[in-house]
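Working notes, structure below.
Just so you know, all these numbers are worked out from the coordinates, no wet-lab data involved. Just so it is clear, the structure is predicted and the values come from calculations on it, not from any experiment. Here the Cβ positions follow ideal geometry from the backbone for every residue, glycine too, while neighbour counts run over all protein chains shown.
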Amino acid sequence: MATKTDLAAPAGAALSNEEILRYSRHLIMPEVGMDGQLKLKQAKVLCIGTGGLGAPLGLYLAAAGVGRLGIVDFDVVDLTNLQRQILFSTGDVGEPKIEAAAARLRGLNPDIQIDRHETRLTSENALDLFKDYDIIVDGTDNFPTRYLVNDACILLGKPNVYGSIFRFEGQVSIFGYPDGPCYRCLYPEPPPPGLVPSCAEGGVLGVLPGIVGAVQAAEAIKLILGKGDPLVGRLLLFDALAMRFRELKLRKNPECPVCGNHPTVTKLIDYAEFCGIRGEEAPAPQTSVPEITPRELKSRLDRGDDLFILDVREPHEYQICNLNGYLIPLGDLPKRVSELDSSREIIAHCRSGKRSAEATQFLQKAGFRKVLNLKGGILAWSDEVDPAVPKY
Amino acid sequence: MPVKVIIPTPLRGYAGKQESVDVQASTVGEALTSLTTRYEELKKHLYADDGRLRSFVNVYVNDEDIRYLQKDQTRLKEGDTVSIVPSIAGGASRAEK
């Protein structure tokens with residue numbers, strides 16, 4: 001594990017004149033004032049992830065003057081990140097996120113200490129990483145890490161400011177607060193990998209993590225100040241399309257295996273196993289469907305073979321790019337199967353080859369004999385045959 | 001009686017892409033049955049094979065979790081809102097895959 005600390009001025013019990021000027025809009029507000037600003041300066045917050053949620057979290061916590069800010073990430077900045085991860089610039093693409101994030105935060109506020117933890121959070125390192133911080137903010141993107149963060153916070157008795165997003169909807173709450181509920185009280189178990197929305201239904205409105213992450217930052221700052229009503233025992237739901245916030249009651253479950261009266265989880269477990277997957281992402285389903293590579297398909301098309309290209313993506317994906325295929329989204333295939341001619345050879349494709357593998361399997365079961373799945377989908381076609389086809 | 005069921009984003013694809021569905025029901029169980037009869041595909045996303053509500057799907061009547069009311073038997077009154085709230089995990093870099 002690579003942990004680097006950028007030391008700023010030692011955290012004293014007073015603010016310098018420059019700090020007083022920097023934080024003046026806090027200082028003139030009775031809810032913060034000098035006492036509150038000094039609490040912020042002495043606070044230690046660990047932010048898990050520097051992605052969509054981590055970006056506004058890091059920026060606002062650094063701007064607010066949180067004296068010690070830890071960030072955990074192991075990823076590299078990618079062009080697709082920039083649509084929402086406002087910590088990064090175009091010039092950061094290809095750079096380790098942790099370095100790009102630390103540079104940006106240091107530029108924003110050189111008076112704070114930034115701890116860079118360039119590592120994947122695991123059951124082995126979580127307790128050690130968390131122990132030095134007062135508050136953990138969860139900006140991760142997968143179920144195993146969310147349960148890991150939850151359990152580690154409960155075991156250490158630290159509050160966990162939770163936020164999660166999907167497409168244009170978000171959830172925020174605080175777990176691990178004394179006598180408050182935890183993530184397992186809300187959701188005892190994660191969904192099995194097959195049931196979580198696949199790439200077909202993924203995506204996120206770029207501004208959504210900005211709103212949800214900013215709400216998390218506000219809650220973290222309120223916890224530090226000890227002001228207001230923390231989002232404990234309440235689940236805040238946000239829908240950006242409807243532009244509506246709703247609040248649901250969240251209760252501590254006395255039977256909770258981690259924070260209940262008789263806990264059965266007393267140390268960190270294997271969270272990949274708990275979530276039914278190996279590794280961070282669910283592996284592609286083991287399919288043994290017949291395949292064709294992009295190059296084979298190209299040469300057969302060039303030869304003039306009679307092939308029927310079936311595109312099983314969504315209409316909005318077809319608009320991005322297509323191989324001139326016949327479009328039937330995977331979900332519509334059962335009711336539109338009669339549109340297909342089983343006497344012709346069918347090449348099914350999608351973006352990455354996963355949905356079309358399901359389509360191929362479905363068609364085989366429906367009695368189609370000559371169906372091949374385009375291996376690697378449009379992504380592989382772009383890599384191996386025609387780079388003019390954009391990847392998305 | 002008429003009640004509104006709010007469909008969460010991840011499940012809208014299985015419910016005619018609608019944000020909410022109006023049903024006639026006097027209990028939560030009836031409301032969900034009416035919903036899954038109309039949208040059969042929703043069923044496997046809400047219920048496990050043993051017929052129980054899945055543990056990553058919570059159901060609320062207004063702002064109360066039915067696990068702390070009378071579960072499926074929770075009575076509904078006119079104008080109540082039933083919300084289905086599944087767990088979502090997104091937040092960082094790989095949400096788009």
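Annotations for the structure displayed:
- Near A:Leu237, once Lys and Arg are set to +1 and Asp and Glu to -1 for all other residues with Cβ below 11 Å from its Cβ, the sum equals -1.
- In this structure, the amide hydrogen of B:Gly90, modeled 1.01 Å from its nitrogen in the peptide plane, lies closer than 5 angstrom to those of A:Ile165, counting only residues at least 5 positions away or on a different chain.
- Taking A:Asn125, A:Asn81, A:Asn109 as the candidate residues, the one with maximal mean-square fluctuation in a Gaussian network model of chain A, Cα springs under 10 Å, is A:Asn125.
- Along region A:22-38 the Karplus relation, 6.51 cos²θ - 1.76 cosθ + 1.60 evaluated at θ = phi - 60°, assigns HN-Hα couplings of 4, 9, 4, 5, 7, 5, 7, 9, x, 5, 10, x, 5, 4, x, 5, 5 Hz to successive residues, with x for each Gly and Pro.
- This model, with +1 at the C-beta of Lys and Arg and -1 at the C-beta of Asp and Glu, gives the protein assembly as shown a dipole about its Cα centre of some 460 debye.
- In Å, descending, principal axis extents of the Cα set of the protein assembly as shown: 81, 57, 39
- Our summary gives chain A a relative contact order of 13 percent, counting only alpha carbon pairs under 8 angstrom and 6 or more residues apart.
- Set of lysines near B:Lys17 by C-alpha distance (under 20 Å), chain-local residues within fewer than 8 positions excluded: A:Lys335, B:Lys4, B:Lys43, B:Lys44
- Calculated on the Cα set of region A:2-274, radius of gyration then Dmax: 18.1, 57 Å.
- Across A:Asp179, A:Asp305, A:Asp75, mean-square fluctuation computed from a Gaussian network of chain A (C-alpha pairs under 10 Å connected) peaks at A:Asp305.
- Spatial separation of Cα centroids for region A:16-38 and region A:296-335, in angstrom: 61
- Per-residue mean of foreign Cβ neighbours for B:78-90 is 6 (Cβ atoms of other chains, 10 Å radius).
- Reach of A:Lys298 by Cα under 29 Å, taken over lysines that are not fewer than 8 positions away in the same chain: A:Lys354, A:Lys365, A:Lys370, A:Lys375, A:Lys391, B:Lys97
- Within region A:291-384, all pairs of alpha-carbon atoms sorted by distance into 5 Å bins from zero give the percentages 3, 15, 28, 27, 18, 7, 1.
- Table column - 3J(HN,Hα) (Hz), region B:42-50, Karplus curve with 6.51, -1.76, 1.60, x for Gly and Pro: 5, 4, 5, 7, 9, 10, 7, 4, 7
- Separation between Cα centres of region A:253-271 and region A:99-167, rounded to whole Å: 21
- Residues with amide H under 5 Å from that of A:Leu310, placed H, sequence gap 5 or more: A:Tyr326, A:Ile347, A:Ala348, A:His349
- Bridging of A:Lys44 to lysines at a Cα separation below 19 Å is possible for A:Lys4, A:Lys131, A:Lys158, A:Lys222, A:Lys227, once same-chain residues fewer than 8 apart are set aside.
- At 1.306 mPa s and 10 °C, Stokes diffusion of region B:2-86 via Kirkwood alpha-carbon radius, µm² per second: 127
- The value of relative contact order for region A:291-384, using C-alpha pairs under 8 Å at least six residues apart, is 35 percent.
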